[in-house]
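Colleague: Pasting in a structure now, in structure tokens, and then I'll have a few things to ask.
The numbers here are math on the coordinates, done by the rules we state, and not lab data. Please read these numbers as outputs of a predicted model, since none were measured by experiment.
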Amino acid sequence: MDIVKALKREERKIEKSVKNGMKHLEALRASIKVFAGGLVGNGRLVKRRKMSAAGRLAISKATKARWAKVRAAKAKPRRKMSAAGRARIAKAQKARWGKVRAAKKASGSTMSAATKAMLSKAAKIHAKKAKKAA
């Protein structure tokens, strides 16, 4: 008899734990519904609206077009030089370099005046250092 009572007691415990498990399962399902669909103030479940792929694409295109307008408004137009202006600058540069080459030929040196000035400055600095060392 004790065995039958023990088995019945065990049966009640299992039934109780199953009821608790079912309550937990129902609560879990309710929370899934809340997060999946959402609740209205009175507690009714409402399906969430879903946007179609075409709708998302339309919004994306409109947004990109709007930002393109903003960027276009910010961009400054580039200034273009006329062919005549470019020709004048090229002619002036050729004249300047012609003078440099002519001066180089006249002096008979292979070094430019700027290079000579730089070397003489370096020589002066070297001489000062040599005086301080001595």
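Colleague: Among the residues of region 68-114, count how many are on the phi > 0 side of the Ramachandran plot and β-branched (Val, Ile, Thr).
Modeller: Step one: of region 68-114, the residues on the phi > 0 side of the Ramachandran plot are 108.
This time we only want the ones that are β-branched (Val, Ile, Thr), so: none.
Qualifying residue count, region 68-114: 0.
Colleague: Of all the residues that make up region 56-92, how many are polar (S, T, N, Q) and more than 20 Å from the chain's Cα centre (by Cα)? Outline the logic, then answer.
Modeller: Start the filter on region 56-92 by keeping residues that are polar (S, T, N, Q), which leaves 60, 63, 82.
In the following step, the residues that additionally are more than 20 Å from the chain's Cα centre (by Cα) were identified as 82.
So the count comes out to 1.
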